[in-house]
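**Q** Quick one: this structure, given as C-alpha cells, is what I'll be asking you about.
A short reminder: the numbers here are calculations on the coordinates, not readings from a lab. Because the structure is a prediction, the values reported are computed rather than measured. Don't worry about glycine lacking a Cβ; one is built from the backbone with ideal geometry, like all the others, and counts go over all protein chains shown.
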C-alpha cells in the first residue's frame, strides 16, 4: 500500500492538511496535472483520537521525528495525502501543489525523509482558495 513503492527510485511525497477541503483541492489539482488515481492515496481523521497513528506513519516510511509531528496534527483532525512519484520533476510538482493548497510536505525515498520549509500545519493558517474543489 503506502510504503510499498514498487522500485527503489520511487519517492513518496506526503502532505498533511488541517482541513479536508484543502486536501480535496490538492487531489483535484494533482489529477489535472497528470497524476493517476493509483498514485494518490489519502487517510484522514476529522475528529477523535486515532489509535496507533505513529506506528502507521513509521510503517509508510516517515522517520520518528516527522511521524511524531504528523501524529500531533492528527490529534486536531487532519488528512494525509501520499503521492507516489518516479521522476524528479513530478516530485517537485507534487510538493508545490500540496503546499499550495495548505499541506505541510515531506518526501521519502528508501526511508529517508526531507521536509519542506513549511511550518507544521496546525501552527499556520491554511491556504483557502475560493471556490476550488
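**Q** Multiply the residue gap between residue 36 and residue 55 by 0.36 nm, knock off their C-alpha separation, and tell me the result in nm, one decimal place.
**A** Computed gain between residue 36 and residue 55 is 4.1 nm.
**Q** What ranking, highest mean first, results for peptides 30-36, 95-101, 69-75, 51-57 when packing means the other Cβ atoms within 10 Å averaged over each residue?
**A** 95-101, 69-75, 51-57, 30-36
**Q** If the chain between residue 87 and residue 45 were fully stretched, how many nm would it gain, using 0.36 nm times the residue separation less the Cα-Cα distance?
**A** 12.1 nm
**Q** Cβ neighbours within 10 Å, averaged per peptide: list 20-29, 59-68 in order, most packed at the top.
**A** Top of the packing list down: 20-29, 59-68.
**Q** For the range 22-123, what's the relative contact order in percent, using C-alpha pairs closer than 8 Å and at least 6 residues apart?
**A** 35 percent
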